[in-house]
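Asks: Handing you this structure, nothing more for now.
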Amino acid sequence: MHRFGRFPWVQAELEAKIYSSWDPERRGWQPKDKNTRTERRAEKRSTRIRSRLRKRRDAGSAAEKRRRRKRDRRINARSRRNDAQHR
């Protein structure tokens, strides 16, 4: 709240700007999809998880890496098969 100053309408105005975008076809400000923000957060989260996994994959001895690669390949193949079944 403190960012918006002390008046509630200031916050309302800013939120309106954040949650709407200028649409030239419809001539005016149109409300944005509310889920853009959550999608962005999910995206961030997945990249964070992926980078953490990559860090883990790069750690360890060669033998460990080999084992991990083998396991990952098996898991990937399984998920790929499942995807193919549901297409």
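The values are calculated or read from the model by the stated rules, or taken from the named source; none is laboratory data. Source: prediction; values computed, not measured. Note that each Cβ is placed from the backbone with ideal geometry, even for glycine, and that neighbours are counted across all protein chains shown.
Asks: Checking D33 against (1) at pLDDT below 75; (2) within 30 Å of W22 (Cα to Cα); (3) part of a helix (DSSP H, G or I), which test does it fail?
Replies: (3)
Asks: Run down D72, D23 and say which single residue is touching a strand residue (DSSP E or B) at 6+ places or on another chain (Cβ under 7 Å), modelled with pLDDT of 70 or more and surrounded by 10 or more Cβ atoms within 10 Å (Cβ to Cβ).
Replies: Sole residue among the options that is touching a strand residue (DSSP E or B) at 6+ places or on another chain (Cβ under 7 Å), modelled with pLDDT of 70 or more and surrounded by 10 or more Cβ atoms within 10 Å (Cβ to Cβ): D23.
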